[in-house]
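Structure first, then comments.
The values are calculated or read from the model by the stated rules, or taken from the named source; none is laboratory data. The model shown is predicted, which means the values in this text are computed figures rather than measured ones. Cβ atoms come from the backbone with ideal geometry, glycine included; neighbour counts cover every protein chain shown. The protein model used for the area step is the full one, side chains on, heavy atoms only, and it has no ligands, DNA or RNA in it. Shrake-Rupley method; radii C 1.70, N 1.55, O 1.52, S 1.80 Å.
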Amino acid sequence: YGNVIAHNQALWWMDLWADGRFNSPSMWANNAVVSATYQDSIDAAMAYRPSIALIYDEETYFWLKSGCNDLTQPNAYAQRSVFQESGVPVGYYHIQDLPDIPSSVKLYIFVNTFRMTENERALVEGVQNNGHTLVWLYAPGYVTETGLSLSDMQSLTGFPLLKNSATINTTVTIATGSSPIVQGLAGHTFGAASTIAPSFYGDAAKGGFTTLGTYSG
């Protein structure tokens, strides 16, 4: 309940197994007090101003084949806990919300934007400035309105990318380097021990970027 109040959310009680687990007068007496408190919170609510925005695309999953749990479970489900435990205010948005995201947001995490339309790409361009940092979790914009496009991924992110069609393990080992982003983490391995295909990585021959980590193997 405290988390709901803090994030201007709603609370939904469900007796999923229909076994009468809410059949207690004392529970509902307490719920009346809670509801009154929540009304006070609504009346005095201030706009939520997160520092991090997690961006989702509702239609991306129509372009995945069945049996993609190794991608979707860590990507769209488990990662929520990572950011909720970061100690920083986090907001959740659809990609269409980009023009209306509060100015307090400095870090944009594009969670599952594997599929992007031209209109959505234009919305992304609107936040690629003013000191914002954009993080792309997997295959950003790879699925376009006309097919699969590595070049569209490159123009969207600014990174020269290559595609690996083979199935890989998605754990990432932090590279040795001078970047303050990974200071003290060289050699550590992160990520879920799951497999995906295809994968994408920076084209070292073209350069223009710093490698922070590599897929295991």
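Taking first residues from region 29-49 that are within 14 Å of Asn8 (Cα to Cα) and partners that are small (Gly, Ala, Ser) and open to solvent by less than 70 Å² (accessible area, probe 1.4 Å), the Cβ contacts under 8 Å between residues at least 6 apart in sequence or on separate chains come to Tyr48/Gly91; Arg49/Ser104. Would you be able to say whether some residue in region 60-79 is in contact (Cβ under 8 Å) with a residue 12 or more places away in the chain, within 24 Å of Leu148 (Cα to Cα), in contact with a Lys or Arg (Cβ under 9 Å, 6 or more places away or on another chain) and surrounded by 15 or more Cβ atoms within 10 Å (Cβ to Cβ)? Yes, some residue in region 60-79 is in contact (Cβ under 8 Å) with a residue 12 or more places away in the chain, within 24 Å of Leu148 (Cα to Cα), in contact with a Lys or Arg (Cβ under 9 Å, 6 or more places away or on another chain) and surrounded by 15 or more Cβ atoms within 10 Å (Cβ to Cβ). Does Ser165 fit the bill of being of a type outside the set (Val, Ile, Thr), open to solvent by 90 Å² or more (accessible area, probe 1.4 Å) and out of contact with any helix residue (DSSP H, G or I) (no Cβ under 9 Å at 6 or more places or on another chain)? Spelling it out, it is not the case that Ser165 is of a type outside the set (Val, Ile, Thr), open to solvent by 90 Å² or more (accessible area, probe 1.4 Å) and out of contact with any helix residue (DSSP H, G or I) (no Cβ under 9 Å at 6 or more places or on another chain).
Scanning region 168-185 for residues that are surrounded by 14 or more Cβ atoms within 10 Å (Cβ to Cβ) and aliphatic (A, V, I, L, M) gives Ile168, Val172, Ile174, Ala175, Val182, Leu185.
When Tyr142, Tyr56, Tyr138, Tyr93 are checked against the criterion of being open to solvent by less than 60 Å² (accessible area, probe 1.4 Å), within 28 Å of Pro198 (Cα to Cα) and touching a His at 6+ places or on another chain (Cβ under 7 Å), a single residue qualifies: Tyr56. Does Leu185 satisfy being assigned to a strand (DSSP E or B), out of contact with any Ser or Thr (no Cβ under 7 Å at 6 or more places or on another chain) and farther than 20 Å from Tyr108 by Cα? Here the answer is no, as Leu185 does not meet what is asked.
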